[in-house]
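Attaching a single structure in structure tokens format; questions to follow.
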Amino acid sequence: MRGIENFEKLRDEATEWRRYLHANPELDYDVYDTANFVAEKLASFGINHIETGIAQTGVVAVIQGNLGDGPTIGLRADMDALPILEASGKPWASKTPGKMHACGHDGHTAMLLAAAKYLAETRNFKGAVALIFQPAEEDGRGAEKMVQEGIMDRFGISKVFGMHNYPGLEVGKFSICSGPIQAGLDEFDITVRGKGGHAATPHKNIDPIVIGAQIVLGLQTLVSRNTDPQEALVISVTKIHAGEAYNIIPQHAVICGTVRTLSPALRDFAEKGIFEAAQGIAGGFGADINFAYRRLEPVTVNHEAETKIAVDAARDLVGHGSVNDLIKPGMGSEDFAYMLEARPGSYIFLGNGPTASVHNPEYDFNDDALPYGVGYWVNLVERVLAP
């Protein structure tokens, strides 16, 4: 396996690609220019098997190794940006106001491109590598759509691996754990149907705002008093809409929020519990509700054997002490979960240094991290596909 010094030569080129992508962000599935950039670079590396237009703008390229027959593994990078006005002040800041790479997908794409260039030149592995460049991670559905369009069977992928930068973790370090590593994500909408009227005569009305306030408070007990304190459940009310005038009690109030958990069973509990709590509180005040619950990304679950492989590949690159394989799972969500439901694999965090957090207008991917991401991908391939 190879140490970091083997990948420093790719730093300048990967930095150039990364900064170009950062300056030209695109959203969701509309990453046409990004996908074209990726496909052109892959072709320039001498990769002949490149397929585009998967899940609208996704790209998959296959590199065959020189060491004989073997399985195919998938490496995934996300390509889309966020609808945020950038405030980084960098020379390569977004050229499109209201769009920016605030989550580091520009870095993820550049690292996988650089790894592709290295692997296409060396081909020091058996079997094949499928490079997956995915749109619409921030939409939460891009990975699911690529899986639904059959990439795992179409390219014969037996294992799949993902990586994401981590602000606050020192450059040159990695973090991972086996089992759940990122939370599942759901959304809910509660519409409280009351009886509107004049604000001067509340006794003649059924006030959906007061009822809604009771529901918001009541939902907190689902976590604090109805969930095992050693289990992870987060219920966050993030939107409340009601009323248009100072002197009118409205007919309706709408409460919206998210549910995050590391347990599929707790997703079931939350959906049932939120509905029953809202219905019971509203009913006690003479109102009723409409309830909608949408399951979005599932829990991101790292498979044990593949996580050990990922840990070993990272430690080959940076040493034993620079890889933490026992991190606590995070409550953010990640649509790579769909790929891990389809195939065994793992998802690892790469140190981005003391930068602003992701989804922050001042965030920027740390180019010093690029060689580490490239080296991890190469070591992973050469370890999994060793002859």
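The values are calculated or read from the model by the stated rules, or taken from the named source; none is laboratory data. Bear in mind that the values here come from a model prediction, so they are computed numbers and not experimental data. Neighbour counts run over all protein chains shown; Cβ positions are idealised from the backbone, glycine included. Side chains included, ligands, DNA and RNA excluded: accessible areas come from the protein's heavy atoms. Shrake-Rupley method; radii C 1.70, N 1.55, O 1.52, S 1.80 Å.
For the range 120-149, which positions are out of contact with any helix residue (DSSP H, G or I) (no Cβ under 6 Å at 6 or more places or on another chain), within 10 Å of ASP335 (Cβ to Cβ) and aliphatic (A, V, I, L, M)?
Selection gives MET146 alone.
Looking at GLU187 and the list (1) crowded, with 19+ Cβ neighbours inside 10 Å; (2) farther than 30 Å from ASP367 by Cα; (3) under 17 Å from the mean Cα position of the chain (by Cα), which single condition is not satisfied?
(1)
Looking at ALA120, ALA87, ALA114, which is the one that is modelled with pLDDT of 95 or more, buried (at least 23 other Cβ atoms within 10 Å of the Cβ) and of a type outside the set (Asp, Glu)? Show your work before the answer.
On the way: ALA120 fails: buried (at least 23 other Cβ atoms within 10 Å of the Cβ); ALA87 fails: buried (at least 23 other Cβ atoms within 10 Å of the Cβ).
Unique residue meeting the criteria: ALA114.
Among the listed residues ILE73, ILE54, ILE63, identify the single one that is under 13 Å from LEU113 (Cα atoms), open to solvent by less than 10 Å² (accessible area, probe 1.4 Å) and in contact (Cβ under 8 Å) with a residue 24 or more places away in the chain. Can you show your working first?
Working: ILE73 fails: under 13 Å from LEU113 (Cα atoms); ILE54 fails: under 13 Å from LEU113 (Cα atoms).
Result of the check over ILE73, ILE54, ILE63: ILE63.
Then there is this: Is it true that ALA200 is at negative phi and open to solvent by less than 70 Å² (accessible area, probe 1.4 Å)? Give the derivation first.
Details: at negative phi: yes; open to solvent by less than 70 Å² (accessible area, probe 1.4 Å): no.
No; evaluated as a whole, the condition is false for this residue.
To continue, here is another question. Does any residue of the range 91-98 turn out to be open to solvent by less than 10 Å² (accessible area, probe 1.4 Å) and farther than 28 Å from GLY321 by Cα?
Narrowing the range 91-98 to residues open to solvent by less than 10 Å² (accessible area, probe 1.4 Å): none.
Within the range 91-98 (the criterion being open to solvent by less than 10 Å² (accessible area, probe 1.4 Å) and farther than 28 Å from GLY321 by Cα), the answer is no, since none of the residues qualifies.
For the range 80-99, does any single residue satisfy the condition of being without any contact (Cβ under 8 Å) to a residue 60 or more places away in the chain, at negative phi and not in a loop (DSSP other than H, G, I, E, B)?
Checked against the condition, which is being without any contact (Cβ under 8 Å) to a residue 60 or more places away in the chain, at negative phi and not in a loop (DSSP other than H, G, I, E, B), the range 80-99 yields at least one hit.
Condition check ((1) buried (at least 17 other Cβ atoms within 10 Å of the Cβ); (2) modelled with pLDDT under 95; (3) more than 12 Å from LEU185 (Cα to Cα)) across all residues:
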{"site": "SER224", "(1), (2), (3)": "no, yes, yes"}
{"site": "THR227", "(1), (2), (3)": "yes, yes, yes"}
{"site": "HIS241", "(1), (2), (3)": "no, no, yes"}
{"site": "ALA245", "(1), (2), (3)": "no, no, yes"}
{"site": "PRO250", "(1), (2), (3)": "yes, no, yes"}
{"site": "VAL254", "(1), (2), (3)": "no, no, yes"}
{"site": "GLY257", "(1), (2), (3)": "yes, no, no"}
{"site": "SER263", "(1), (2), (3)": "yes, yes, no"}
{"site": "LYS272", "(1), (2), (3)": "no, no, yes"}
